[in-house]
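Take a look at the structure set out below.
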Amino acid sequence: MTLALLSSTMNTNELISQLRKFVLIKSGLRNIDPAHCKTISEYIFKETKNYISETTVKRFFGFAQVTHKFSLFTLNSLSQYVGYIDWESFCKGKKVQTQDEDDVWSDLRIRCRAITEASLVEKKNSSGIPFDSTANRSFLYADFDYFLKNNYQFTAISAQPGQGKSILLAHLIEHFFFSDNALHPKDIVLLINSDTIIEIIQNDLSLKDWFNKEFKFGGVSELISYFRKNHTERKGRFILVVDGVDQFLSNDTYFKILTDFLLGVEESNFVKIVLGLRVNNWVNMQPTISGSAFLTNAWYKGLFFDNDNGTNVPLLNKEEILFSLSHIEKRAIKEEDLHHGLINQFRTPFWLQVYYKLKKENNTIRLDNYLICFELINYFLENKIFLSKDSTEKIIILKEVSSSISKGHVRHRVAKEKILSTITLYPTAYQELIYGGILIEEKRLTTSIPTEVIRFLNDDIYTYFLFLQLKEKFKFKPDENFFKEILTIYSDQIDLLSLMLNWSIRFCINRNEIQALKQIFKLPFSNKEKNKAFDFICDVAVFELEKTGSNFNSQTIDMHFIDIMVMGKILSQNYKEAIKKISSKVVNDDVQIMLNVIEASNCIIDMDEKGLAESMHLLKRHLKILHDLFPINPNDLILYFYNILANKPNNGKTLADKIISLRQQIELSNPHKNEELTSIEMISYRLVLIVLFTNKNYEECRNFLEAILKKFPNIFYLRSSVFSSFLLIMITQTYIKLNLNKQAKRIIQLLDKVIDENKTYFTPHTKSAYIFSESKFS
């Protein structure tokens with residue numbers, strides 16, 4: 001088709017008007033003023049590498065006098081900016097036909113197509129992740145096709161905020177009507193977005209006035225009547241899709257306009273109406289639908305409609321999540337690449353949007369790290385609440401909702417009447433929370449009288465505000481009582497207790513209040529909770545260290561962090577990674593040396609000769625500090641293991657003499673309390689015992705263990721560190737090697753009681769070693 005033929009249905013001015021709309025949408029603007037033109041010029045150059053001056057852009061939008069026609073270069077560049085090859089391609093894209101203007105159906109198609117294409121561009125640009133990365137929900141296609149082909153006139157895509165109803169509608173329209181292999185290319189689709197509704201309101205038009213202005217019909221019913229009388233002119237179905245109107249439906253006047261519109265639509269077999277609605281508006285519309293026999297019979301809920309939750313948009317499945325993540329990451333993502341907690345979180349599409357934005361700002365976040373679940377929530381709420389308008393009022397409302405929810409309530413919701421006074425005080429903030437999807441209004445229909453209830457978008461946000469209240473209660477100072485509060489309040493809600501612990505860990509490390517975290521291991525949290533907490537501490541520490549401007553950084557890491565690292569499970573992969581990364585960045589010499597020694601200990605356990613050599617190279621620079629800092633130079637112990645791995649000879653007598661000397665010093669010590677046991681001692685004693693046992697010097701190993709017990713007579717009652725269970729395992733194995741079976745059995749019995757006591761901190765390795773030792777006597 002040549003440009004000369006376009007005037008038969010749409011003249012050049014109309015096409016340029018449509019191009020203006022597309023340029024605005026592409027630039028993320030609803031309205032334009034002269035100040036925007038420079039920015040648009042820069043956007044066009046960035047996208048197309050074609051330079052259109054600010055003045056030309058002003059002329060294009062009518063802010064400067066037009067003295068001549070726009071050049072083909074200008075029109076081509078603008079067309080390329082909005083996704084077309086050139087100006088002629090843009091014009092062809094409007095599907096302009098050569099029929100006479102008397103062809104009403106073709107004229108209607110052209111007018112609807114222009115609005116729908118602009119609305120689709122707006123939907124794609126509004127997507128929180130690139131549209132091509134969104135799941136197309138193809139398993140829903142057959143259900144939508146059933147609606148189109150059968151005797152139903154109305155349907156709704158009903159979902160909670162963030163479940164992807166608008167993106168789903170965009171995929172449905174492209175698949176069925178606009179794609180190269182569209183199933184129903186002859187049908188006319190009119191997609192109306194919120195921008196169109198705003199335009200109608202701003203121009204003080206009624207729906208009828210706007211419909212008449214755009215399509216030369218006085219409404220949908222008049223359109224139905226015309227094509228019923230002139231049925232030979234109709235070449236397909238007319239599908240009206242209305243989305244993005246939820247923000248207006250809280251206004252009773254606008255809600256009535258919508259319901260009156262539905263009731264006023266004439267029955268027809270070729271007009272289909274699709275509404276995109278949030279669940280609360282769908283529920284509010286039920287009296288209108290059920291009160292009309294016509295609407296009840298003509299309404300299709302869909303095969304996937306969930307009556308309990310009022311939605312027909314299923315959560316994302318595993319394959320759809322992996323599809324989107326693979327596109328975001330630009331590499332194939334498999335299920336094993338994700339932490340299992342993320343699968344459940346990403347089932348709601350908007351968390352993928354949050355992840356995409358967070359990934360842009362912080363490329364160090366990892367999908368296999370549980371911490372990301374918390375970072376997503378924090379990032380989302382910071383931007384949606386704490387940095388938004390009326391943030392103070394919103395936080396007051398959200399805290400009121402979280403504190404009003406009954407403990408243990410399965411859906412974490414509260415009757416609206418309970419917080420009505422707060423809502424009344426801050427109506428604007430409340431409406432923004434509802435429209436923003438932070439809070440959800442629902443009707444509880446299981447009671448004798450239906451009641452309105454309010455809940456958070458999901459339980460993660462509820463937990464966040466519970467933790468916020470806890471912080472405020474203790475004036476943002478995490479101490480022993482802070483953690484006792486968690487232990488007391490959530491003792492019968494294990495999952496919630498675990499979440500509160502994780503928020504606390506993140507909070508403490510973020511503020512560099514590391515010492516407070518020791519309370520987790522001292523207080524009677526369960527062994528499982530302590531093991532999980534230790535892994536999470538390692539994850540958060542690495543993450544915070546890599547953040548710009550973090551309070552926990554290379555200069556602030558001190559001995560409190562070492563204390564926690566020493567008391568935890570040394571076989572944890574999280575632990576090994578944290579030690580390796582942090583040791584390479586920390587500034588304090590003493591702390592760095594201790595981390596290097598711990599890292600060398602990890603290499604010994606892993607039989608990593610290369611890693612051990614690297615650790616020894618680092619430690620050689622600090623031999624004097626090592627000698628002064630430790631009761632026995634760890635470099636001597638590490639060298640012993642390295643020589644074994646490298647098949648080199650050892651001067652065993654010299655090392656043995658040093659160990660005996662240390663043991664004698666320990667034996668001469670007065671009894672100490674467990675609280676006096678230092679991290680340096682635990683590191684040294686552990687290395688010595690491993691050297692002795694590996695060298696099969698079981699008698700001296702026994703002597704050394706007894707020396708430790710003499711200095712710390714209550715060491716087996718230490719519940720805040722895995723060191724005590726390590727000693728029990730070492731004693732058991734040593735007695736077995738010395739054929740002291742009676743003593744070994746007695747220690748195994750003690751170990752059995754320790755492991756059976758849920759509040760003791762021991763690792764899975766301890767449990768395995770216990771089972772192995774016990775098997776010797778079974």
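The values are calculated or read from the model by the stated rules, or taken from the named source; none is laboratory data. Fair warning: this is a prediction, and the values are worked out from it, not measured in the lab. Neighbour counts are summed over all protein chains in view; Cβ atoms, including those assigned to glycine, are modelled from backbone coordinates with ideal geometry.
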### the stretch 250-299 - residue that is of a type in the set (Ser, Thr, Tyr) and under 26 Å from residue 437 (Cα atoms) and, of those, surrounded by the most Cβ atoms within 10 Å (Cβ to Cβ)
259
### Summary
Among helices (runs of 4 or more DSSP H) completely within the stretch 358-439, the ones holding 2 or more residues that are surrounded by fewer than 15 Cβ atoms within 10 Å (Cβ to Cβ) and not hydrophobic (A, V, I, L, M, F, W, C) are 391-404, 420-425, 427-435
### Message
The conditions are (1) within 30 Å of residue 454 (Cα to Cα); (2) part of a helix (DSSP H, G or I); (3) more than 26 Å from the chain's Cα centre (by Cα), and residue 302 fails exactly one of them. Which is it?
### Response
(2)
### Message
Among the residues of the stretch 546-556, are any surrounded by fewer than 18 Cβ atoms within 10 Å (Cβ to Cβ), within 23 Å of residue 758 (Cβ to Cβ) and modelled with pLDDT under 95?
### Response
no
### Query
Among all residue pairs at least 6 apart or on different chains, which show Cβ distances below 6 Å where the first residue, located in the stretch 618-636, is closer than 16 Å to residue 686 by Cβ and the second is of a type in the set (D, E, K, R)?
632/658
### Message
Among the residues in the stretch 744-754, are any within 41 Å of the chain's Cα centre (by Cα) and under 24 Å from residue 565 (Cβ atoms)?
### Response
yes
### Summary
Flagged in the stretch 43-63 as under 39 Å from the mean Cα position of the chain (by Cα) and part of a helix (DSSP H, G or I), in numbering order, are 43, 44, 45, 46, 47, 48
### Output for the stretch 454-478, where each listed residue is touching a strand residue (DSSP E or B) at 6+ places or on another chain (Cβ under 7 Å) and either assigned to a helix (DSSP H, G or I) or more than 16 Å from residue 399 (Cα to Cα) (or both)
462
### Message
With the structure loaded, tell me whether residue 491 is within 28 Å of the chain's Cα centre (by Cα), of a type in the set (Gly, Ala, Ser), under 27 Å from residue 759 (Cα atoms) and surrounded by 17 or more Cβ atoms within 10 Å (Cβ to Cβ) or whether it fails that test.
### Response
no
### Query
Does residue 602 fit the bill of being over 23 Å from residue 503 (Cα atoms), without any contact (Cβ under 8 Å) to a residue 60 or more places away in the chain and of a type in the set (S, T, N, Q)?
yes
### Query
Within the stretch 107-161, which residues are of a type in the set (D, E, K, R) and over 28 Å from the mean Cα position of the chain (by Cα)?
107, 109, 111, 113, 117, 143, 145, 149
### Message
Please go through the stretch 168-213 and give me each residue that is surrounded by fewer than 17 Cβ atoms within 10 Å (Cβ to Cβ), more than 30 Å from residue 349 (Cβ to Cβ) and either touching a Cys at 6+ places or on another chain (Cβ under 9 Å) or not aliphatic (A, V, I, L, M) (or both), ordered by number.
### Response
186, 202, 203, 204, 206, 208, 209, 212, 213
### Query
Could you say which residue among 559, 565 is over 13 Å from residue 510 (Cβ atoms) and crowded, with 19+ Cβ neighbours inside 10 Å?
565
### Message
Please verify whether residue 550 is assigned by TED's automatic domain parsing to the domain that holds residue 600 and among the small types (Gly, Ala, Ser), treating the condition exactly as stated.
### Response
yes
### Summary
Checked the stretch 330-353 for anything surrounded by fewer than 17 Cβ atoms within 10 Å (Cβ to Cβ) and touching a residue at least 12 places away in the same chain (Cβ under 8 Å); matches are 334, 335, 337, 339, 341, 343
### residue 297 vs. criteria in contact with a strand residue (DSSP E or B) (Cβ under 7 Å, 6 or more places away or on another chain) and either at negative phi or not in a helix (DSSP H, G or I) (or both)
no
### Message
Being outside any helix (DSSP H, G or I), among the aliphatic types (A, V, I, L, M) and surrounded by fewer than 18 Cβ atoms within 10 Å (Cβ to Cβ): is that true of residue 623 here?
### Response
no
